[in-house]
1. Under a point-charge model restricted to the Cβ atoms of Lys and Arg (+1) and Asp and Glu (-1), what is the dipole moment magnitude of the chain relative to its Cα centre, in debye to the nearest 20?
2. Summing Lys, Arg as +1 and Asp, Glu as -1, what charge do residues with Cβ under 12 Å from the Cβ of residue 18 carry, residue 18 excluded?
3. Taking the Cα-to-Cβ direction at residue 34 and at residue 101 and moving 7 Å from each Cα, how far apart do the two end points lie in nm?
4. Go through 125/164; 125/149; 149/171; 154/176 and tell me which ones have a Cα-Cα distance over 27 Å in this structure.
5. What does the charge add up to near residue 52, with Lys and Arg as +1, Asp and Glu as -1, over the other residues with Cβ less than 15 Å from its Cβ?
6. Given the rule -39500 (n - 2.57) for each run of at least 4 DSSP H residues, summed and divided by the residues of the chain, what is its mean residue ellipticity at 222 nm, to the nearest 500 deg cm²/dmol?
7. Treat each spin label as a single point 7 Å out from the Cα along the C-beta direction, and report the residue 166 to residue 145 distance in nm.
8. Could you give the length gained by full extension between residue 153 and residue 62, i.e. 0.36 nm per residue of separation minus their alpha carbon distance, to one decimal place?
Amino acid sequence: MADKSQQARPLVGVIMGSDTDLPVMAEVGLTLDSFGIPYEMEVMSAHRTPTRTHEYASAAAERGLRCIIVGAGGAAHLAGVVAAVTILPVIGVPLATSALNGLDALLATVQMPSGIPVATMAIDKAGAVNAAILAAQIIAAGDPAMRPKLITHKEKLAKSVAEKNARLQEKLAAEK
Ligand code: RP5
């Protein structure tokens, strides 16, 4: 996936603990692309590159990012560590990269102490997609141009369910 920083100033930081997280975290990029939101993407680790993580998180707000999406698996401390040093909203995506299938990452990401929130998504793909949609909603709070895109997104979802229901009704009618 291309780093969008060359095309437009990134509004969303997307970081992950390892390149092994990329197959799922690529969904964040695809969804941000669908909303036309410029982003940057980087691998860094709360445990393996703590200094880089601290530098990135502490500079993010001043660089103009509006929120940071963080994917990590296992003992997933990355989102919490980032949230500790930025005033930006932090969205955590727990990843099923360990023997515990993401339950470990979910609990590590969601169970933040009072005072340091991490908006924690579902494990893996649904969480990655929803993280990007939540980022769009955060941006829309201060950018009215984003709002029609979110309305269109909801309309597409409703249309797809209506189509599924129509297919089900046809099938049931044919079986009678
Ligand atoms: C976490 O450990 C990463 O987010 C990844 O999900 C997991 C395994 O990383 P690798 O050992 O594959 O680099 O920090």
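1. Numbers: 16 positive and 16 negative charges, 114 e Å.
Around 540 debye, computed over the chain.
2. On the way: positive: 48; negative: 19, 21, 42.
My count for the surroundings of residue 18 gives -2.
3. Distance between the two pseudo-spin positions: 2.6 nm.
4. Numbers: 125/164 21 Å; 125/149 21 Å; 149/171 33 Å; 154/176 33 Å.
The pairs that break the limit, which is 27 Å between Cα atoms, are 149/171; 154/176.
5. -2
6. Numbers: 6 runs with 84 residues, N = 176.
-15500 deg cm²/dmol, from helical runs alone.
7. Label-label distance for residue 166 and residue 145, simple model: 3.4 nm.
8. Values: separation 91, 0.36 × 91 = 32.76 nm, distance 3.00 nm.
Taking 0.36 nm per residue and subtracting the Cα distance, the gain is 29.8 nm.
The values are calculated or read from the model by the stated rules, or taken from the named source; none is laboratory data. Everything numeric here is computed off the predicted structure, so don't read it as measured data. Cβ coordinates were reconstructed from backbone atoms using ideal geometry, including for glycine residues, and neighbour counts include every protein chain displayed. Areas reflect the complete protein model, heavy atoms only, side chains present, ligands, DNA and RNA absent. Shrake-Rupley method; radii C 1.70, N 1.55, O 1.52, S 1.80 Å.
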